[in-house]
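Colleague: Here it is: the structure, laid out below.
Each reported figure results from applying straightforward, stated rules to the coordinates on display, with no laboratory input. In this text the structure is predicted, and so the values were computed from the model without any measurement. Glycine gets a Cβ as well: all are built from the backbone with ideal geometry, and neighbour counts include every protein chain shown.
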């Protein structure tokens, strides 16, 4: 009964904290009850799963690896749940809606990573490891040294990934229903701690499965509604994308003066081509390397291979995960393009400049719009699934970090492996609480910060540090402890350092210069606002001067970033102007741009350099993978050749046999 009382208390806390007196969000106040109902239902379901799972956690193997009882199919769905994070569902759909083809490149990179996992990582890791990355590396290398460095790497990668997810959860709930950011982060943290501390890997796994199924179902429904009007014909759908005036206007805005000589069809076609977002080919290659190789080194993904009973099931789980993830990423193409056509890049960007609300807003539109019950139900359901996605991914990351601290550092380094089952579970739960509190604090401190690059940094560190150590330990006879330790340190260190001197960081002088451009541009295009009987009337005098008689008024308007429509009026050639809602969006967007520019001037005018003391980036690429990944491999090889390690040499034959045959794997699993 005490455990039931705890879960009821957590759920009640969620409801109380989630209903501030004057919340203002994207959902109208009359439909906010529906949003809370949907959110509460999904959270209640996950809390019940946690309560059920808590009764199954009786040993260390249960807590860390779900007792090796998860089937290949179940683990495939759980891996898909781990991987289909908020960045995948909300972020990629948003990028596609704003930038077209370039957003889809992230999907390709994420999916290709699982080929590396399937071919070289999954089965050997299951045959050799027990719970963590440290178990894999410690098999033939110095156990204490490799466990310490593996734990540090796991915590580093998890914290980077964790921070982005916590901020994403806070922003999502605040944007949707107006709950304070800090309260949103606390809610995410409390739910995540309940999953991990009481349910361990059992709860985390089944929550991931439920969440992944709901996410795929929601996406299939949205894609069906988007694609159905075109008879499920891909050419017809893509032609509609090319012909859409909102998309043409977005491309014109992104290209600037380069769009002046392009026809409407050419602008639409450009949306289906690369280069609107990822403009540097070298940066694209670097990002692709980090995504592909980083997947095979993510600690919370590696832990998944220890939840299945044998290597064959591990291999099956990767095949199922690839099929689910690959199918889902194909759906993001339709979600992104559908949102661009039906909602519009401008509307999406006005609510969240990163486009993260594209999928929920598309759901609202397809359900009947912002004033309909079904539209708001679909918005709430998609957003609630995205929220559950964030919480579940955070739980997996916290579990990975806690296992590194408790299992690798406490049990095997400090206690030298001499700890009872009760001591190990207690240490794991204490570590989980500690990591969870740190995650909540970091999430709060990161309020308002651009943390998008942290996901890329997590992948870069995993690819530059974890993968070289794992791959060469498994497949190179001469690899040894010194090579692994130095390779992981230098690989991770170089990735972090290059990001700190890259364009990802904040450079005050550039921000101030950009802010001045915004304010000068706004000052050069004044607007006049007046009240009319039908509503707001706003007109820029420059509109009629610049609009070409042969050009549709909406297209001309969209090419002028600081102009606002005259509602209910017509220009002299008789073309009707946009509707009132679009005018209000343009006004709100302009006001946000001006307010942000003023705030940036106030905040950064007295600053000259970035946190690294730089006026401008020293490293021009946003992702360091193209340098740090080869460097990580090179350092493992170089230091292994320069040193000798008797243990690494003697255990090579045993490792080689076990990773390929699975002999004596039961000694590892139990």
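Colleague: If I stretch the segment between residue 437 and residue 373 completely, what's the gain in nm (0.36 nm per residue apart, minus their alpha carbon distance), one decimal?
Modeller: So the extension gain works out to 19.3 nm.
Colleague: Provide the FRET efficiency to the nearest 0.05 for the residue 478-residue 108 pair, computing r from the beta carbons and using R0 = 30 Å.
Modeller: Efficiency at R0 = 30 Å is approximately 0.30.
Colleague: Going highest first, how would you order 209-217, 253-261, 302-310 by mean Cβ packing within 10 Å?
Modeller: Values: 209-217: 20.7, 253-261: 12.6, 302-310: 25.0.
Listed from highest to lowest mean packing, they are 302-310, 209-217, 253-261.
Colleague: Now, a different point. Suppose a student asked you for the relative contact order of segment 2-467, using Cα pairs under 8 Å spaced at least 6 residues apart; what percent would you report?
Modeller: 34
Colleague: Pulled fully out, how much extra length does the chain show between residue 445 and residue 30, if you take 0.36 nm times their separation in residues and subtract their Cα-Cα distance?
Modeller: Separation in residues times 0.36 nm, less the Cα-Cα distance, equals 146.2 nm.
Colleague: What nm distance separates the two modelled labels at residue 516 and residue 421, each placed 7 Å from Cα along Cα→Cβ?
Modeller: 7.0
Colleague: Also, quick follow-up: With each label point set 7 Å from Cα along the Cα-Cβ vector, what nm distance links residue 55 and residue 71?
Modeller: 2.2
Colleague: A further question follows. Based on the mean of other Cβ atoms within 10 Å per residue, sort peptides 628-638, 162-172, 339-349 so the most packed one is first.
Modeller: 162-172, 339-349, 628-638
Colleague: I'd like the Kirkwood hydrodynamic radius of segment 200-244, using the inverse of the mean 1/r over distinct C-alpha pairs, in Å.
Modeller: By the Kirkwood definition, the hydrodynamic radius is 12.6 Å.
Colleague: If you take the Cα Rg of segment 111-166 and divide it by 2.2 N^0.38 Å, with N the number of residues, what do you get?
Modeller: On the way: Rg = 13.2 Å, N = 56, 2.2 N^0.38 = 10.2 Å.
With N residues counted in segment 111-166, Rg over 2.2 N^0.38 Å equals 1.30.
Colleague: Residue 643 to residue 330: extension gain in nm, 0.36 nm per residue of separation minus the Cα-Cα distance? Walk me through the numbers on the way to the answer.
Modeller: Numbers: separation 313, 0.36 × 313 = 112.68 nm, distance 4.74 nm.
Working it through step by step, the gained length comes to 107.9 nm.
Colleague: Another question, then. Suppose the Debye formula is applied to equal point scatterers at every Cα of segment 2-467; what is log10 I(q)/I(0) at q = 0.09, 0.11 Å⁻¹?
Modeller: -0.57, -0.84
Colleague: Still on this model: Within segment 343-371, whose backbone N sits under 18 Å from a point 7 Å along Cα→Cβ of residue 221?
Modeller: Under 18 Å, as judged by backbone N against the label point of residue 221, lie 358-371 of segment 343-371.
Colleague: Whole Å is fine, so just give me how far the alpha carbon centre of segment 240-287 lies from that of segment 124-178.
Modeller: After rounding, the separation between the Cα centres reads 37 Å.
Colleague: Could you give me D for segment 329-410, from Stokes-Einstein at 20 °C and 1.002 mPa s, where the hydrodynamic radius is the Kirkwood radius over C-alpha pairs? Units µm² s⁻¹, please. Provide the component values of the computation, followed by the final result.
Modeller: Values: Rh = 14.4 Å.
Once the numbers are plugged in, D ends up at 148 µm²/s.
Colleague: Now for a different question. Neighbouring Cβ atoms within 10 Å as the yardstick, rank 125, 479 fewest first.
Modeller: 125, 479
Colleague: Sorting check: for 389-397, 618-626, 601-609, which peptide has the highest mean count of neighbouring beta carbons within 10 Å, and how do the rest follow? Let's see the in-between values first.
Modeller: Working: 389-397: 30.1, 618-626: 20.7, 601-609: 13.0.
In decreasing order of mean packing, 389-397, 618-626, 601-609 become 389-397, 618-626, 601-609.
Colleague: Starting with the fewest neighbours, write out 644, 140 ranked by other beta-carbon atoms found within 10 Å of each beta-carbon.
Modeller: Least to most surrounded, the residues fall as 644, 140.
Colleague: Moving on. Could you tell me how far the Cα centroid of segment 477-512 sits from the Cα centroid of segment 36-79, in Å?
Modeller: 35
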